[in-house]
Amino acid sequence: MNLRFFIARRYLFSRKSHSAINVVTGISVACVGIVTAALIVIMSIMNGLSDLVESLYNSFYPDVRITPVKGKVFAFDPAVVEEIRKMPGVAWYTEIVDENVLIECEDQQLIVTMRGVEDDYATYTRFDTTIKYGKYDLHRNGGISTVAGQAIATKMNLKDGSELQLFVPKRDRNLTVDMSNLDEEPFNRSIAIVSGLYGVSADFDDKYVFLPITEVRKLMDYSNECTSVAIGLKKDADVDATIAAIKKISGTNCLVQSRYQQNQLLFETLKSEKAWSFIILLFILFIATFNTIGSLTLLIIEKKKDIGILWSMGTDPSRIRGIFFLEGLLIS
């Protein structure tokens, strides 16, 4: 066995002539141990929180999102869509239409955002995993169905099977009453059956109802327009290179954003909280190490006689220093 390690271990566990040294050593071990454990636990929690938030928000924030720079809607040529779909790093492509809508159910009214999605939206984004009641089905019994947030359901007393009426102002129509034509309806109407309720977070649960994109386009008098395009990337895809290629194809009239850019404030906040938690705990750990320094100082004072004996026996000063260095490592 290494002589320095043997002596350092004996110094650690043997009783000292002054009990204060044992107490300070015990405090050193406790402080370093507790702070290190806290550092591991808190950083694990922060990492888990980041993963949880990211998994919950994946349904609303795809890997890549395309939105118009100006205006509310845009439409790609079929050739552009096909070129994006065939990119090596692209896993899926789906169009979305978001628009405000007045919903009504049993004399309860609320203005929310209807999100029109394609039939394979849930498969790509795994949105169906957020369903808390009922199921994700936008074409129940061949009709028009909707999936609403839990907060919306609470406000309007919705349940599985509730009939929801939707009202959207007609395009290029003045909502003021036209006395010359009182019979003309200023709203486009639709009826959807609630097939399920989803739960993600308060930011989304009281805002969105999901409908088939064909029905939303019909209500809005659109043909192939959309408000955004969601794109999923393959696991082995080069994110930066793929986004750059999409930007080149989509043109300057479109804004192409990664998932981080779509919700930059949230991810920067989580990153900042994680960094500051680490810095603060590291600072506390640094302070706790002064207990170790104090313990070693007291031990050196007590072992002056032993140091003198080792010196007289021809022990190299570096080996003596190595004994107390190992002692500090053993305490830590």
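When the range 225-271 is filtered for residues that are in contact with a strand residue (DSSP E or B) (Cβ under 7 Å, 6 or more places away or on another chain), farther than 14 Å from Arg65 by Cβ and among the aliphatic types (A, V, I, L, M), nothing remains.
Quickly run through the range 194-204 and pick out the residues that are assigned to a helix (DSSP H, G or I) and either touching a residue at least 60 places away in the same chain (Cβ under 8 Å) or under 18 Å from Ile96 (Cα atoms) (or both). Matches in the range 194-204: Phe204 only.
When the range 197-208 is filtered for residues that are closer than 25 Å to Glu225 by Cα and touching a Lys or Arg at 6+ places or on another chain (Cβ under 7 Å), only Tyr208 remains. Note on the range 54-92: among residues that are in contact (Cβ under 8 Å) with a residue 60 or more places away in the chain, crowded, with 16+ Cβ neighbours inside 10 Å and β-branched (Val, Ile, Thr), the one that is farthest from Asp240 (Cα to Cα) is Val73.
For the range 152-168, filtered to residues that are buried (at least 19 other Cβ atoms within 10 Å of the Cβ) and either part of a helix (DSSP H, G or I) or among the charged types (D, E, K, R) (or both), the residue that is farthest from the chain's Cα centre (by Cα) is Met156.
Every listed requirement among (1) in contact with a Cys (Cβ under 6 Å, 6 or more places away or on another chain); (2) closer than 30 Å to Ser190 by Cβ is met by Ala288 save one, (2). The set of residues from the range 250-272 being surrounded by fewer than 17 Cβ atoms within 10 Å (Cβ to Cβ) and under 22 Å from Glu83 (Cβ atoms) comprises Gly251, Thr252, Asn253, Leu255.
Computed from the coordinates by the stated procedures, all read-outs in this text should not be read as laboratory data. Keep in mind that what you see is a predicted model, and the values were worked out from it rather than measured. FYI the Cβ positions are ideal-geometry reconstructions off the backbone, even for glycines, and counts take in every protein chain you see.
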